[in-house]
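One structure is given below, encoded as structure tokens.
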């Protein structure tokens, strides 16, 4: 099972491709798609869409995992993140790749075993679970890997229980 995890954003969109290698998680690739601040909004979304499609074509994931939108205090940021999320969902749908969505609490629980873990704890566990020498930077990349790990754990549990992912 190979998962493309995405941490959506319009300026920076973190991604991480994770799969099981035997019984252990393995990072296949990770990084970030970025767009210039002075680019028109519609061009930024188009660039991100193409970037996500390219990732799917290159890594051929079995599913795309994305965090559900957490509505905070900054409405403008939430709108931009929502637009970026929409691009990811559209790219996956256009390419026939199933989508898995997780709340921030579900991601934290899957990665650390504690649904209220802080960002540093999640990043440390991502590094440890994937056997990485360094914590992935920027934070968006570590977050994308965490979402992919959550989906991978969910698929592994479903398979063990005889269900579908």
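The values are calculated or read from the model by the stated rules, or taken from the named source; none is laboratory data. Just so it is clear, the structure is predicted and the values come from calculations on it, not from any experiment. Glycine also receives a Cβ, built like all others from the backbone with ideal geometry; neighbour counts cover every protein chain displayed.
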With modelled with pLDDT of 95 or more, in a strand (DSSP E or B) and surrounded by fewer than 20 Cβ atoms within 10 Å (Cβ to Cβ) as the only criterion, which of 43, 26 stands out?
26
When you go through (1) within 13 Å of residue 145 (Cβ to Cβ); (2) within 17 Å of the chain's Cα centre (by Cα); (3) part of a helix (DSSP H, G or I) one by one for residue 17, which number turns out not to apply?
(3)
Of the residues that make up the stretch 86-100, is at least one touching a residue at least 60 places away in the same chain (Cβ under 8 Å) and under 16 Å from residue 140 (Cβ atoms)?
yes
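Go over the candidates 68, 19 one by one and state the one that is touching a strand residue (DSSP E or B) at 6+ places or on another chain (Cβ under 7 Å) and modelled with pLDDT under 95. If you could, list the steps in order and put the result at the bottom.
On the way: 19 fails: modelled with pLDDT under 95.
Only one candidate qualifies: 68.
Conditions (1) modelled with pLDDT of 95 or more; (2) over 22 Å from residue 28 (Cβ atoms), marked per residue:
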site: 73; (1), (2): no, yes
site: 80; (1), (2): no, yes
site: 93; (1), (2): yes, yes
site: 99; (1), (2): yes, no
site: 107; (1), (2): yes, no
site: 115; (1), (2): no, yes
site: 132; (1), (2): yes, no
site: 155; (1), (2): no, no
site: 160; (1), (2): no, yes
What tally of residues in the stretch 27-49 results from selecting those that are over 19 Å from residue 148 (Cα atoms) and in contact with a strand residue (DSSP E or B) (Cβ under 7 Å, 6 or more places away or on another chain)?
1
